[in-house]
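What follows is a set of notes on a single structure, which appears directly below.
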């Protein structure tokens, strides 16, 4: 018998509800959930290994069988029609920004060259000026036609605010995959000034699969899945070029974000009696190790910005920026310098001549899968993770 119970002075502690162990107290009036970045976690090798030649990185998205689980970020520093074609030929999907320079100017090459030589102090202001040129539907059609004629998967992205005005042009131009990408996209946008995009009705009326994001919470992702989206972008995107945390105080550590949205995918699969929605990690994936851990956290594929901006073929010419950097009134990103790491093929498939994790991304993924005994990407989502003290 417990001697404390026999003691007359003993009083049993009051019944209480246990707090979530992932929560910490910031102050008496506020608690916060503990979340993890990709740098905070690592994959643990299992008891079984596999021959690396028996490992597959292929990915089935809707009707499209892809050799690698890679989509390029729709950013002018990453994806041009030419680089989208090159990525498609290598087995991935190049996603063109349909509000970028390629749909605003007949020949954006001189402007891309100018941006690469701008002084840091002047870069944001000048880019705001350059992107004031309106999007031209005829150029949008021409760029998508160019990619389609190369016989690769055609994907284009619009922001939520421009989707209503331009979606018909995009679909009529023959896009295979439609991406709606913003810093934060929700299924419950509220506006007293204009009618918000009804995602559920919009997706239902389209004949092409739609990828929507960014989303960073379980509930937000679950609501997007219920709209009929074929894929959800997990994360805010932007990566190294994002200043979202500094300018508006918003961020979401990617390891936790991916795991939360993967949980929403699992629960929606049960809720919908078997409809699978792909989770695509978007943001903070700069090295091969980041990519490996993103998949281990639950991602079906990754959308790469910084990693592909380092390619010799990248239109940014050693610089990287996204839509956040050109916002007319509140830039939430900036133009940043990136190291060149080789050709697109070397970045994706090697050979690598350095251990910095910037090239042979697929080789690293295959090695990690083989070291843990997994044969494909879907299996690797079950890999064991540990939290580190990075």
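The values are calculated or read from the model by the stated rules, or taken from the named source; none is laboratory data. Note that the coordinates shown come from a computational prediction; the quantities given were computed from them, not determined experimentally. For neighbour counting, all protein chains shown are included, and Cβ atoms are generated from backbone atoms with ideal geometry for every residue, glycine included.
The test for being surrounded by fewer than 24 Cβ atoms within 10 Å (Cβ to Cβ) and under 17 Å from the mean Cα position of the chain (by Cα) does not hold for residue 284.
Does the stretch 382-389 contain at least one residue that is in contact (Cβ under 8 Å) with a residue 12 or more places away in the chain, more than 19 Å from residue 69 (Cα to Cα) and assigned to a loop (DSSP other than H, G, I, E, B)? Taking every residue of the stretch 382-389 in turn, at least one turns out to be in contact (Cβ under 8 Å) with a residue 12 or more places away in the chain, more than 19 Å from residue 69 (Cα to Cα) and assigned to a loop (DSSP other than H, G, I, E, B). Does residue 375 fit the bill of being touching a residue at least 12 places away in the same chain (Cβ under 8 Å), in the same structural domain as residue 256 (by TED's automatic domain parsing), within 19 Å of residue 86 (Cα to Cα) and not in a helix (DSSP H, G or I)? So residue 375 does not fit the description; no.
All but one of (1) in contact with a helix residue (DSSP H, G or I) (Cβ under 7 Å, 6 or more places away or on another chain); (2) surrounded by fewer than 21 Cβ atoms within 10 Å (Cβ to Cβ) hold for residue 274, so report the exception by its number. Status for residue 274: all satisfied but (1). For the stretch 329-343, the criterion of a residue being within 25 Å of residue 45 (Cα to Cα) and either in the same structural domain as residue 263 (by TED's automatic domain parsing) or assigned to a loop (DSSP other than H, G, I, E, B) (or both) is satisfied by no position. I need the full set of residues from the stretch 252-268 which are in contact with a helix residue (DSSP H, G or I) (Cβ under 9 Å, 6 or more places away or on another chain) and surrounded by fewer than 18 Cβ atoms within 10 Å (Cβ to Cβ), in order please. Once the filter is applied, which keeps residues that are in contact with a helix residue (DSSP H, G or I) (Cβ under 9 Å, 6 or more places away or on another chain) and surrounded by fewer than 18 Cβ atoms within 10 Å (Cβ to Cβ), the stretch 252-268 yields 263, 267.
For the residues 73, 150, the requirement of being assigned by TED's automatic domain parsing to the domain that holds residue 285, surrounded by 14 or more Cβ atoms within 10 Å (Cβ to Cβ) and over 27 Å from residue 228 (Cα atoms) singles out 150. Only one of the numbered conditions (1) touching a helix residue (DSSP H, G or I) at 6+ places or on another chain (Cβ under 9 Å); (2) under 17 Å from residue 317 (Cβ atoms) is not met by residue 92, and that is (2). In summary, residue 321 fulfils each of the numbered conditions (1) surrounded by fewer than 24 Cβ atoms within 10 Å (Cβ to Cβ); (2) within 22 Å of residue 211 (Cβ to Cβ); (3) over 14 Å from the mean Cα position of the chain (by Cα) with the single exception of condition (1). Given the condition farther than 21 Å from residue 307 by Cα and crowded, with 23+ Cβ neighbours inside 10 Å, answer yes or no: does some residue in the stretch 228-237 qualify? Yes - at least one qualifying residue is present in the stretch 228-237.
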